[in-house]
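Working notes, structure below.
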Amino acid sequence: MGIRSIEKQLAAELCFEAVVEAVNDYLDECRQAGRYLPPHEHLVMPIIRAGFYPQGLLSIKHFISREEKAAWAERRDETGEGRKLDLPSADSLIEMIMYPFPIVRLRAAIRRAAMKLSG
């Protein structure tokens, strides 16, 4: 295994960790605010500041916008009042941002690294 392949694999794992952290923070902030926050400021920029720019990052704003509109339409009742906030799952956001990386492999690599550190 050459140095380039190790760098390539490590970069994907580090990017995955940054994306997971940013997505979890974004969803927590949205829950606290009780509404969808602008994804560019609260999700895209933290990932870019971490030094990563995965391919799916460009389309995440459209994905969140579609999810927000669908949730809004579903939670409207006959009186026109909305119910509780329905956020997309963290997994769906992570998969959308990290596409086309193999998410299952990245999660397994992160678990292996955590097990090595703990045991």
- line: Taking Tyr99, Tyr36 and counting other beta carbon atoms within 10 angstrom, the fewest-first order is Tyr99, Tyr36
- request: For each of Glu67, Glu95, count neighbouring Cβ atoms within 10 Å of the residue's Cβ, then give the residues from fewest to most.
  value: Glu95, Glu67
- prompt: So for Glu29, Glu68, fewest C-beta neighbours within 10 Å to most, what's the order?
  reply: Glu29, Glu68
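Read-outs: derived from the displayed coordinates by stated rules, not from any lab. Bear in mind the structure is a predicted one, so any value in this text is a computation, not a measurement. In this analysis, Cβ positions are derived from the backbone assuming ideal geometry, glycine residues included, and neighbour counts consider all displayed protein chains.
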